[in-house]
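Rule-based calculations on the coordinates, nothing more; no lab input. Since this is a predicted model, take the numbers as computed values, not measurements. Here the Cβ positions follow ideal geometry from the backbone for every residue, glycine too, while neighbour counts run over all protein chains shown.
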Amino acid sequence: MAWDPQQYLKFREQRFAPFEDLVSLIQPRPGMRGVDLGCGTGELTARLLERLPGSQLLGMDSSAEMLARASALAGPQLSFAKQDLRGLEGEWDLLFSHAALQWVDEHERLIPELFARLTWGGQLAVQMPANDDHYTHAALREVAGEAPFREALAGWVRTSPVLPVERYAELLFSCGAEHIHARLQVYGHVLEDADALLEWTRGTTMLPYIERLPAELQERFVSRYREKLRERFPQRPVFYAFKRILFAATRP
């Protein structure tokens, strides 16, 4: 997908808040070698490095647009690479992923594959949205099912690959992990109105729909989606209850 860093960062503080909770699950060790899977603009990768003095971090992302912004942050201990995380090689002391794995399919295979890339004593720490049942997401599917969008999309709607939180704990246990932590957490965001909800999803969840539509239907899709959000959330401000899964574990 063609990510827009400026659009994504409109809600910087709200999107970055779970980062702090995820970092708190890491047990720092001297001289760690780690990867930030889906590093985006690199801002949080640099912040992660500050929490891990003496470490070497690689930020990986598949978006050239995001990495163009991240490149300015590169230094002796921080580098960036354009790469799909499925192609990760080598062994690492830390695999860290903040709001990225929800874009990768087949988590039943993905989590064991990532865990196998850890060194002995290495740590996996992941945070990702688990909000697919919220109306902001459901409304996108509803609009996609209406004419003329249904025909243009050939019936396609996005299905989230995110599993129930307990399944991640089970997968980690089956990998032989220790110190398993897995939880579902609601982050409450107070947004100005329904249009602010649209701006939030425009930077993430809406992208695959817009990219699949012909140019002449894109704004019509956005307008119809805006109508549905305004009908559902007429109040000002709007409380956006956003669910996220956080999990971490250590390879013994």
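Anything in region 167-183 that is within 12 Å of Ala130 (Cβ to Cβ), among the charged types (D, E, K, R) and touching a strand residue (DSSP E or B) at 6+ places or on another chain (Cβ under 7 Å)? List them, or say none.
Arg183
So for region 129-151 (the condition being within 29 Å of Tyr240 (Cβ to Cβ), within 18 Å of the chain's Cα centre (by Cα) and assigned to a strand (DSSP E or B)), does at least one residue qualify?
Yes, region 129-151 contains a residue that is within 29 Å of Tyr240 (Cβ to Cβ), within 18 Å of the chain's Cα centre (by Cα) and assigned to a strand (DSSP E or B).
Considering only residues of region 48-87 that are assigned to a strand (DSSP E or B) and among the aliphatic types (A, V, I, L, M), which is nearest to Leu25 (Cα to Cα)?
Leu57
Looking for whichever is in contact with a Phe, Trp or Tyr (Cβ under 9 Å, 6 or more places away or on another chain), of a type in the set (A, V, I, L, M, F, W, C), outside any helix (DSSP H, G or I) and surrounded by fewer than 17 Cβ atoms within 10 Å (Cβ to Cβ) here; the options are Ala249, Ala241. Which one fits?
One residue alone meets the criteria, Ala241.
Within region 136-157, does at least one residue satisfy the condition of being under 18 Å from Glu106 (Cα atoms), touching a residue at least 24 places away in the same chain (Cβ under 8 Å), surrounded by 15 or more Cβ atoms within 10 Å (Cβ to Cβ) and not hydrophobic (A, V, I, L, M, F, W, C)?
no
Would you point out the residue of region 29-47, among those that are surrounded by fewer than 24 Cβ atoms within 10 Å (Cβ to Cβ) and either of a type in the set (Asp, Glu) or part of a helix (DSSP H, G or I) (or both), that is nearest to the chain's Cα centre (by Cα)?
In this case the residue turns out to be Leu44.
Out of region 88-99, which residues are of a type in the set (D, E, K, R), in a loop (DSSP other than H, G, I, E, B) and under 13 Å from Gly34 (Cβ atoms)?
Glu91, the sole residue that qualifies.
Given the residues Gln218, Gln185, which is the only one that is out of contact with any Lys or Arg (no Cβ under 6 Å at 6 or more places or on another chain) and among the polar types (S, T, N, Q)?
Of the residues listed, the single one that is out of contact with any Lys or Arg (no Cβ under 6 Å at 6 or more places or on another chain) and among the polar types (S, T, N, Q) is Gln218.
Here are some residues: Arg230, Arg236, Arg202. Which one is in contact (Cβ under 8 Å) with a residue 40 or more places away in the chain and surrounded by fewer than 17 Cβ atoms within 10 Å (Cβ to Cβ)?
Going through Arg230, Arg236, Arg202 in turn, the sole match is Arg236.
Which pairs have Cβ atoms under 9 Å, sit 6 or more apart or on different chains, and link a residue in region 65-94 that is in contact (Cβ under 8 Å) with a residue 12 or more places away in the chain and among the basic types (Lys, Arg) to one that is surrounded by 20 or more Cβ atoms within 10 Å (Cβ to Cβ) and in a strand (DSSP E or B)?
From residues that are in contact (Cβ under 8 Å) with a residue 12 or more places away in the chain and among the basic types (Lys, Arg), the pairs are Lys82/Met60; Lys82/Asp61.
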